[in-house]
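Here is the structure we will look at.
The values are calculated or read from the model by the stated rules, or taken from the named source; none is laboratory data. Here the structure is a predicted model, which means the values were calculated and not measured. As a convention, Cβ positions derive from the backbone with ideal geometry for all residues, glycine included, and neighbour counts pool all protein chains shown.
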Amino acid sequence: EADINNDGKPVRLRLLQVDVAIKDKESKEHSGWIFGTFVFDASQKKSNYWENLVPVGLEWGNSPKLTYTEFSKGLSAYEGWVNPYMKRLFGSRPPDGLMGYLGRMNGPVDSPLSSCMSCHSRALDSNGKNAPAFNPPESSMCIARVQTENNNETYRRISNCVVDENTVKPFYRNLKSNEPFVPGFNSVDYSLQLALGIANWHAWYKSKFPNEYELIFPTKKPDNSLNLKMFGLNAKKSTNIPMMPAQEAFHRGD
């Protein structure tokens, strides 16, 4: 049990998903990280509790050439693998009936509008400032949120809409370990845990020692977007990466 609601009332926890990340230091491809996800499947009925964890898939790159246009032509994510059994279990996830964005690998508790590598590639030290949002604006992906009868949210594709690939592509770059998602900041090598820890430290320092903090990390007029040039994407113009408070940005996406 755990007090996940911070109200002094512990609730029972159940194992649902386990994520792993392994780094191949000899790899010359991308960052060297390989992300894997397992989900608890009670239908396995194994006596050893942990043997009921079934692999969802693996991902070692962001499949940057997989745009919505290419996806519509039949291209699949080529830098990852999704267990066919998991596709059958969770293959009805909106908006496209896939685990992650355009069939990239992502766990069932994670956003179908992203992927493991995409989400973790945002990890950086934002120096107490805003950090990259979970995903591109949903409108740029031709996706809308829909309220269901039981007050949950789901997604749908917007008809007669063209995906703004210049806005989406920055979220599916293959970044090196020392290459930050946003130029000018320090990468923390795909570790959202470390990024969140640093963001929490900034928040604590700023609240406890505001005068000292202002001297070390001077603040400017708040800005919810950061204009930058895209590198390695053959883009002819700059784009806006949506930004949000770092303590929110480095939690899992919705």
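Here are some notes:
- Every condition in (1) under 30 Å from P64 (Cβ atoms); (2) of a type outside the set (A, V, I, L, M); (3) touching a His at 6+ places or on another chain (Cβ under 9 Å) is met by K169 except one, and the failing one is (3).
- Here K129, K65, K87, K73 are screened, and the one residue that is surrounded by fewer than 21 Cβ atoms within 10 Å (Cβ to Cβ), among the basic types (K, R), over 22 Å from G36 (Cα atoms) and in contact (Cβ under 8 Å) with a residue 12 or more places away in the chain is K129.
- P242 being outside any loop (DSSP other than H, G, I, E, B), closer than 24 Å to L66 by Cα and at pLDDT below 95: yes
- Every residue from segment 209-228 that is modelled with pLDDT under 50, touching a strand residue (DSSP E or B) at 6+ places or on another chain (Cβ under 8 Å) and not small (G, A, S): N224, L226, N227, L228
- Any hit, segment 24-34, residues being closer than 21 Å to Q193 by Cα and loosely packed, with under 13 Cβ neighbours inside 10 Å: yes
- Counting residues in segment 167-178 that are farther than 17 Å from N130 by Cβ and out of contact with any Ser or Thr (no Cβ under 9 Å at 6 or more places or on another chain) gives zero.
- Looking only at residues in segment 112-157 that are of a type in the set (S, T, Y) and part of a loop (DSSP other than H, G, I, E, B), the one that is nearest to D189 (Cα to Cα) is S121.
- Matching option when the condition is on the phi < 0 side of the Ramachandran plot and either of a type in the set (D, E, K, R) or buried (at least 19 other Cβ atoms within 10 Å of the Cβ) (or both), among W60, W81: W60
- Considering V11, V54, V20, the condition of being farther than 19 Å from M141 by Cβ, of a type in the set (V, I, T), out of contact with any Cys (no Cβ under 7 Å at 6 or more places or on another chain) and surrounded by 14 or more Cβ atoms within 10 Å (Cβ to Cβ) is satisfied by V54 alone.
- All strands (runs of 3 or more DSSP E) inside segment 1-65 with 2 or more residues being under 30 Å from K176 (Cα atoms), at pLDDT 95 or above and among the acidic types (D, E): none
- The residues of segment 40-62 that are of a type in the set (A, V, I, L, M, F, W, C) and in contact (Cβ under 8 Å) with a residue 24 or more places away in the chain, listed by number, are F40, L53, V54, V56, L58, W60.
- Of the residues making up segment 94-106, those that are in a loop (DSSP other than H, G, I, E, B) and within 20 Å of S140 (Cβ to Cβ) are P94, P95, D96, L98, G100, R104, N106.
- Some residue of segment 43-50 being of a type in the set (A, V, I, L, M, F, W, C) and under 23 Å from the mean Cα position of the chain (by Cα): no
- When S76 is tested against the conditions (1) touching a helix residue (DSSP H, G or I) at 6+ places or on another chain (Cβ under 7 Å); (2) of a type in the set (S, T, N, Q); (3) not in a loop (DSSP other than H, G, I, E, B), the lone failure is (3).
- You will find that of V109, V182, V163, the residue that is assigned to a loop (DSSP other than H, G, I, E, B), over 18 Å from the mean Cα position of the chain (by Cα) and touching a residue at least 12 places away in the same chain (Cβ under 8 Å) is V163 and no other.
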